Amino acid sequence: MQRPTGHAHGMSAPRLLPWPSPDGNPCYLVTDDNGSYLSRLADDLEAVQLATGTDVLGHARKVLDDPASPHAEVRFAGLRLAECLTDALRVAESRGMRVPVTDI
């Protein structure tokens, strides 16, 4: 994925939001106000997504550690882990895009 570049007039680079568009494409926020309502909403959702990932990982480990777990439970755990990993990677990408780039 190509990283969006910053804009003129001192605006920061677009922020990758933690949700996709209805057709599955990335959504970006362009603002110079990191405390805006939409920025705070995105921050809150990122926190929820990461906390959900932690919870799902704990449940999935129990299922995966039990050799007698039914196939349907293992599959469900795998699907949920994939969803959470997708969310976590989007959060990481978004936060990485917001790290200031410095010349060495």
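The values are calculated or read from the model by the stated rules, or taken from the named source; none is laboratory data. Note that the coordinates shown come from a computational prediction; the quantities given were computed from them, not determined experimentally. Every residue, glycine among them, receives a Cβ derived from its backbone with ideal geometry; neighbour counts consider all protein chains shown. With ligands, DNA and RNA removed, areas are computed over all heavy atoms of the protein, side chains included. Shrake-Rupley method; radii C 1.70, N 1.55, O 1.52, S 1.80 Å.
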Note to self: Given bins 10 angstrom wide, list per bin the percent of all Cα-Cα distances in the chain, short to long.
What the structure shows: 14, 36, 26, 16, 7, 1, 0
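Let me know the charge dipole size of the chain about its Cα centre in debye, to the nearest 20, where only the beta-carbon of Lys, Arg (+1) and Asp, Glu (-1) is charged. Please report the intermediate quantities before stating the final value.
Working: 10 positive and 14 negative charges, 25 e Å.
Dipole magnitude for the chain comes out near 120 debye.
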Notebook entry, point to check: Cα-based Rg (one decimal) and Dmax (whole number) for segment 45-104, in Å?
Noted result: 15.5, 54
Notebook entry, point to check: Going by alpha carbons, how many degrees (0 to 90, nearest 10) lie between the helix axis of 71-97 and the longest principal axis of the chain?
Noted result: 20 degrees
Checklist line | Pairwise label distance in nanometres, Asp44 with Asp103, each label 7 Å out on the Cα-Cβ vector | finding: 4.1 nm
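Considering only protein heavy atoms, what per residue accessible area in square angstrom results for the chain with a 1.4 angstrom probe?
Per-residue value: 71 Å².
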Next item on the list: Using a Gaussian network model of the chain whose springs link C-alpha atoms within less than 10 Å, name the residue from Gly58, Gly24, Gly78 with the highest mean-square fluctuation.
Entry: Gly24
